Amino acid sequence: MKNTFKLIQILQNLNHLKRAGGTLFMGLPSELNMSIAEHSYFVTYLAMLFADSLPKTKKEKINQSKLLKYCLVHDWSESIIGDLPSGSPSWQTFWNIEIRKEIKQANQNAHQAMLDLIKEEIDVSDYREINLNNLEKQIYSAANISAMLISMLEWKYAGFKHDGWEMVWFNTLDRLKKIDLPFIPALTKEIGRACKKNSKPYNIFLAQPQKQTNPQHKV
């Protein structure tokens, strides 16, 4: 377990490495940024819930173990490369090379180096290139985009204001709406409702009316 433990300590750095897009684009304060580890966990449980919400006929086409493993290991390489907003067309214009292609390759190289480190101790065959089918890719995309939108709601509820917030919000929401999955219309409707509110709702499990002396929560 010597090398495996080395990798475990490297991956633990993902708890401290922050997502960079919000800060670079809108000057998001660091305390409002999710760590890469938090984002990965967020995407993983969203993918699990989304997959389980599908009709049985579609659900049977999903290898959930493979899907969730993909969600968990997808960002491992960022413990070496860091979080770079290579998906942003504007960010890409400042490079004289195909930076998105190069960063994708760098991430693949980093991921492979990690697997090479532990391959004598762990069967890494399922950690290499994880090929998702089209349905699994759609679920991952829905989870990844939803995680971004829900994070942006947290920024809004915390009082963060920026002229570019709505542009990013609606562009991201449009990307979610284009995903062809049965639950997307209902999901985007709930996200829209949440956006109209000025604060996050209370935790219904910790504010049960029958347990309150003031069940209407009125001042």
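Bear in mind that the values in this text are calculations on the coordinates, not laboratory data. Keep in mind the model is a prediction, meaning the values are calculated, not measured. Cβ coordinates were reconstructed from backbone atoms using ideal geometry, including for glycine residues, and neighbour counts include every protein chain displayed.
Going 7 Å from the Cα of SER90 along its beta-carbon direction, which residues of region 151-179 have the amide nitrogen within less than 12 Å of the resulting point?
163-169
For each of CYS195, CYS71, count neighbouring Cβ atoms within 10 Å of the residue's Cβ, then give the residues from fewest to most.
By the 10 Å Cβ count, ascending, the order reads CYS195, CYS71.
Quick one: order ARG193, ARG19 by neighbouring beta-carbon count within 10 Å, fewest to most.
Working: ARG193 9, ARG19 21.
Ranked by crowding around the Cβ, least crowded first: ARG193, ARG19.
What FRET efficiency do you get for ILE204 and GLU166 if R0 is 25 Å and r is their Cβ-Cβ distance, rounded to the nearest 0.05? Kindly include the intermediate steps, with their values, before the conclusion.
Numbers: r = 29 Å, r/R0 = 1.15.
Once the sixth-power term is evaluated, E becomes 0.30.
Could you tell me how many degrees, from 0 to 90 and to the nearest 10, lie between the Cα long axis of helix 2-11 and the main elongation axis, the longest principal axis, of the Cα atoms of the chain?
The helix 2-11 is inclined about 40 degrees to the chain.
Could you work out the Kirkwood radius for region 2-199, taking every pair of different alpha carbons, averaging 1/r and inverting it, reported in Å?
18.3
Once every DSSP H run of n ≥ 4 in the chain is given -39500 (n - 2.57) and the sum is divided by its residues, what mean residue ellipticity at 222 nm do you get, rounded to the nearest 500 deg cm²/dmol?
-17500 deg cm²/dmol
Ignoring the sites themselves, what is the longest stretch of the chain with no GluC sites (Glu not before Pro) in a DSSP loop and at most 13 other beta-carbon atoms within 10 Å?
Value returned for the longest uninterrupted segment is 130-219.
Just to confirm the number: angle between the C-alpha axis of helix 184-196 and the first principal axis of the chain, 0 to 90 degrees, nearest 10?
60
Select from MET48, GLY87, LEU14 the residue farthest towards the positive end of the dipole of the chain; place +1 on Cβ of Lys and Arg, -1 on Cβ of Asp and Glu, and compute about the Cα centre.
Value computed over the given set: MET48.
Short version: ³J(HN,Hα) in whole Hz for each residue of region 112-125, in order, from phi by Karplus 6.51 cos²θ - 1.76 cosθ + 1.60 (θ = phi - 60°), x for Gly and Pro, what are they?
Ordered by residue, 3J(HN,Hα) equals 5, 4, 4, 5, 4, 4, 10, 5, 7, 10, 9, 6, 9, 4 Hz.
I need the phi-derived Karplus couplings for region 199-205: 6.51 cos²θ - 1.76 cosθ + 1.60, θ = phi - 60°, integer Hz, Gly and Pro marked x.
Values, residue by residue: 8, 6, x, 5, 6, 4, 7 Hz.
In the structure shown, do any of LYS104/LYS177; LYS101/LYS161; LYS104/LYS156; LYS56/LYS137 have a Cα-Cα gap over 21 Å, and if so which?
LYS104/LYS177; LYS101/LYS161; LYS104/LYS156
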